[in-house]
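S.K.: Below are the C-alpha cells for one structure; questions will follow.
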Amino acid sequence: MADIVYTFAGKPYLNLTNACPCACTFCIRSAADGVGTAQSLWHQRDPSWEEIKAALEGYDFSRAREAVFCGYGEPFCALEMLQKTARRLKERYPGMALRVNTNGLGDLINQKPTAAALAGLVDAFSISLNAPNAARYQELCRTRFGEAAFDAVLRFARECKSIYPKVILSAVDVITPAEIAQCRKIAEELGLPLRLRHFTT
Ligand code: SF4
C-alpha cells in the first residue's frame, strides 16, 4: 500500500492522490516510485477518508513545524480530502503550518473557483509557474486543459496572494536563462517571489 504520510527533508508530506491533469516533462514521478521515507507513493486507488485518518493517527506530527500537501499527484484533484485533512491537522496541531504545493489548476480541475477553499486552514502555497507564456507552459506541462491553463495559474496565484499569508511561485531549471528572467518578471508583477527548483532525474 502506498504511503499517505511520509517524511521528506525532515518534514511530513501528505500524498492524498495520484491524479493530475498534467504530464510535465520534468515530473519526479517518472524517476522513482517514492521519495523520502516513502517506499511507494503510487496508490492502487486514491485513499478514503478512513484511510487518511488512520495514516494521520499513525504519524508523529508533534515536533513538525510545517506539513506539506504534495505527493505523487495534484492535491486539488482530491479537494474534499485536502480540506478535511487540513482541517483535522489544524485542529490537532494548531502550531503546525500547512503548505500546499500545487500546479495552480484547481479551478479548471474542479470547474469552480478554488483559491479560497482552504482559507483559515492553510498558511502557505507554492504554485508552479514553470513557464513564461501559455505555449511554453503547454509544451512543458502537457496539461489536458491546453493553453487556457497558463492564465488559470496566474489567476489562481493572484487570488491566493489576497487570501494566504505566504505564496510563492516556482519554476524548474529546465527552461532557458531568458525564460527564467521572464518568469521572474511575471512573479514581480504579481508581487510574489519565484523559487527556482533544480531538475532531478
Ligand atoms: S503537475 Fe506535478 S505531479 Fe502533475 S505531472 Fe506536473 S510535476 Fe508531475
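S.K.: Being of a type in the set (Val, Ile, Thr), within 16 Å of the ligand (Cβ to nearest atom) and surrounded by 15 or more Cβ atoms within 10 Å (Cβ to Cβ) is the filter here; which residues of region 24-57 pass it?
M.R.: Those that are of a type in the set (Val, Ile, Thr), within 16 Å of the ligand (Cβ to nearest atom) and surrounded by 15 or more Cβ atoms within 10 Å (Cβ to Cβ): ILE28, VAL35.
S.K.: If you don't mind, there's one more thing I want to ask. Sort out for me the strands (runs of 3 or more DSSP E) sitting completely within region 1-83 that have 1 or more residues that are farther than 28 Å from PRO113 by Cα.
M.R.: Ranges flagged: 5-8, 11-14.
S.K.: Something else now. Could you list, in sequence order, the residues of region 169-183 that are in a helix (DSSP H, G or I) and among the hydrophobic types (A, V, I, L, M, F, W, C)?
M.R.: Hits for region 169-183 are ALA178, ILE180, ALA181, CYS183.
S.K.: Now for a different question. Answer yes or no: is there a residue in region 25-35 that is among the charged types (D, E, K, R) and farther than 23 Å from THR143 by Cβ.
M.R.: The answer is yes; a qualifying residue exists.
S.K.: Further question on the same structure: Restricting attention to region 1-23, which residues are of a type in the set (A, V, I, L, M, F, W, C), modelled with pLDDT of 95 or more and buried (at least 19 other Cβ atoms within 10 Å of the Cβ)?
M.R.: Listed by number, the residues that qualify are ILE4, VAL5, LEU14, LEU16, CYS20, CYS22.
S.K.: Mind checking which residues of region 163-183 are surrounded by 15 or more Cβ atoms within 10 Å (Cβ to Cβ), of a type in the set (D, E, K, R) and within 20 Å of CYS24 (Cα to Cα)?
M.R.: GLU179
S.K.: Identify, please: which residue in region 91-114 is in a helix (DSSP H, G or I) and within 16 Å of the ligand (Cβ to nearest atom) and is, among those, surrounded by the fewest Cβ atoms within 10 Å (Cβ to Cβ)?
M.R.: Among those residues, the one meeting the criterion is ASN110.
S.K.: Filter region 132-158 for residues that are within 12 Å of the ligand (Cβ to nearest atom) and in contact (Cβ under 8 Å) with a residue 40 or more places away in the chain; which is surrounded by the fewest Cβ atoms within 10 Å (Cβ to Cβ)?
M.R.: Among residues in region 132-158 that are within 12 Å of the ligand (Cβ to nearest atom) and in contact (Cβ under 8 Å) with a residue 40 or more places away in the chain, the one surrounded by the fewest Cβ atoms within 10 Å (Cβ to Cβ) is ARG144.
Condition check ((1) assigned to a helix (DSSP H, G or I); (2) touching a Pro at 6+ places or on another chain (Cβ under 7 Å); (3) modelled with pLDDT of 95 or more; (4) under 17 Å from PRO21 (Cα atoms)) across all residues:
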position: LEU140; (1), (2), (3), (4): yes, no, yes, yes
position: THR143; (1), (2), (3), (4): no, yes, yes, yes
position: GLY146; (1), (2), (3), (4): no, no, no, yes
position: PHE156; (1), (2), (3), (4): yes, no, yes, yes
position: VAL167; (1), (2), (3), (4): no, no, yes, no
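S.K.: Does ALA23 fit the bill of being under 26 Å from LEU129 (Cβ atoms) and in contact with a helix residue (DSSP H, G or I) (Cβ under 8 Å, 6 or more places away or on another chain)?
M.R.: yes
S.K.: Can you go through ALA117, ALA78 and tell me which one is within 15 Å of the chain's Cα centre (by Cα), more than 14 Å from the ligand (Cβ to nearest atom) and closer than 23 Å to VAL167 by Cβ?
M.R.: So the residue among ALA117, ALA78 that is within 15 Å of the chain's Cα centre (by Cα), more than 14 Å from the ligand (Cβ to nearest atom) and closer than 23 Å to VAL167 by Cβ is ALA117.
The values are calculated or read from the model by the stated rules, or taken from the named source; none is laboratory data. Worth saying up front: this structure is predicted, and the values here are computed from it rather than measured. Cβ coordinates were reconstructed from backbone atoms using ideal geometry, including for glycine residues, and neighbour counts include every protein chain displayed.
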